[in-house]
Amino acid sequence: MSSLVIDAAENPMKFLKSIVKQSGRGIWAATPRQSLRSIVPMLSPYNLLIPYSWMAILVPFSGFSLVLGNAAIAVSPMPWSLPPLTDEQLEAVRNCDLETVAIDRYPETLTADELLQAYTPTTDCDWAVLARAYAQRWDGVSLPESAQNAFGQTIALNPGFIYAPSLFASYFGKIPVVEAPPFTQQEIVAVKIEYRWYGLGNGVSYQVEIDRANTQPIVSGTVNSGLMFGDPTWETPTTEQLHKSDRTLSGTIDPEIVQALRFALTDLVPIDSQFTLNFCTDNYPDWLVSIAFADGTTLSMVTKDSNFLYAGGPWQTTIDGQNYVQFSPEFIQALANVVNTLELPWGEPAGMACGGWRNILDVAFPDR
């Protein structure tokens with residue numbers, strides 16, 4: 001696999017264009033603070049998270065990554081909850097040769113506006129191929145409403161196509177898929193955040209608790225940002241090292257910031273098994289966020305060391321014995337507001353190498 005070296009500080013506009021176009025290649029990024037300080041003003045007001053596979057953006061700035069553009073949403077989410085996928089649905093996804101058919105059916109000479117006239121889709125595979133053809137023509141900034149509608153029609157016929165690797169990457173967070181579970185209509189009363197980051201840089205870990213989250217939140221916890229890179233126990237620190245504190249947290253936080261977590265529990269789609277999905281090396285954020293609701297319902301959201309989303313994700317959970325993965329960055333965006341408000345560290349790699357990721361069908365449905 002080839003790689004691309006970008007010096008964003010010298011040529012920020014070339015850097016921006018490159019990260020949009022080079023998503024299929026590995027990218028090595030260095031000197032993170034200096035590189036992004038020159039381009040962050042150009043990205044305003046976009047400020048948070050992308051999957052690495054949309055476009056390979058590999059340089060952190062003050063601990064968070066960036067979104068280039070948000071497409072208008074034209075598709076309504078399905079009611080909670082999607083049933084588990086059948087064997088037939090998964091088989092249909094695996095038997096649909098998206099890449100080959102999309103190229104053959106929709107030549108490169110066709111523009112996005114011409115795709116619908118080129119072929120009339122009838123089956124779930126046809127619609128998936130059309131959605132893939134739109135994604136191949138995506139400029140990295142705005143996804144046409146026709147593309148969103150094609151993907152929406154695809155998953156309405158067969159939700160299994162959410163996990164077709166190229167569609168998962170291209171349409172992640174682009175349309176609302178499923179409404180939030182009904183219990184999220186209640187207020188959150190407590191939150192516990194457990195985080196550990198390690199990679200090409202000094203490690204970070206913390207444990208934060210927020211009580212009385214729906215009235216006058218009380219924040220407590222400890223932060224350890226002293227897991228030194230190169231220490232013999234850097235990748236596998238002892239429990240004592242993880243819980244060693246160099247900062248104690250106390251105080252409060254706006255309850256609306258905490259309550260935003262429950263509104264971000266949308267787009268949970270069923271999977272057989274929880275999994276780790278990494279697109280890059282040297283950046284390993286691992287989250288466990290435990291949420292308690294007013295009626296006693298509890299929910300744990302985890303990332304399983306995944307970095308498909310730069311700051312951690314995709315997010316996964318279990319509800320009534322069923323595993324789910326979140327097909328959007330909604331939760332990490334809401335959590336980032338908590339993290340930044342409390343001035344918690346993210347961990348910052350000095351650089352990383354990216355390119356290629358495991359087939360999500362294989363890791364989410366390993367036995368089928």
Subject >> In sequence order, calculated HN-Hα J values of region 109-114 (Karplus, 6.51, -1.76, 1.60; Hz; x Gly/Pro) >> reply: 5, 7, 7, 4, 5, 9
Original post:
Non-local amide H neighbours of M78 (under 5 Å, H modeled in plane, Pro and chain starts lacking H): which ones?
Top reply: V178, E179
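Quick one: in region 85-228, what % of C-alpha pairs are over 25 Å apart? Present the calculation step by step, with values, prior to reporting the outcome.
Values: 5252 of 10296 pairs.
Within region 85-228, distances greater than 25 Å cover 51 percent of Cα pairs.
Where does the charge balance sit around G160 when Lys and Arg score +1, Asp and Glu -1, over other residues with C-beta under 14 Å from its C-beta? All intermediate terms of the calculation are to be shown ahead of the outcome.
Working: positive: R94, R368; negative: D87, E88, E91, D124, D272, D362.
Residues near G160 contribute -4 overall.
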Subject >> Under-5 Å amide H pairs with A353, H placed in peptide plane, nonlocal only >> reply: T281
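May I ask you to give the average projected area over all directions of the convex hull of the Cα atoms of region 247-368, in nm² rounded to one decimal?
Mean projected area of the Cα convex hull: 9.0 nm².
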Subject >> Part-to-part distance (alpha-carbon centres) for region 261-299 and region 144-219, which is given in Å >> reply: 7 Å
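All other residues with a Cβ under 15 Å from the Cβ of T86 taken together, and with Lys, Arg as +1 and Asp, Glu as -1, what is their net charge?
Details: positive: R94, R368; negative: D87, E88, E91, D124, D272, D367.
Spelling it out: positives minus negatives among the neighbours equals -4.
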Subject >> Where labels lie 7 Å past Cα in the beta-carbon direction, separation of L116 and T341 in nm >> reply: 4.2 nm
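By the scheme Lys and Arg +1, Asp and Glu -1, what is the net charge of all other residues having a beta-carbon under 9 Å from that of V101?
Numbers: positive: R105, R132; negative: D97, E99, D104, D126.
Within the 9 Å Cβ shell, the charges total -2.
Laboratory data are not the source of any read-out in this text; all were calculated from the coordinates shown. A quick note: this is a predicted structure, and the numbers were derived from the prediction, not measured. Counting neighbours? That spans all protein chains shown, and the Cβs are built from the backbone with ideal geometry, glycine included.
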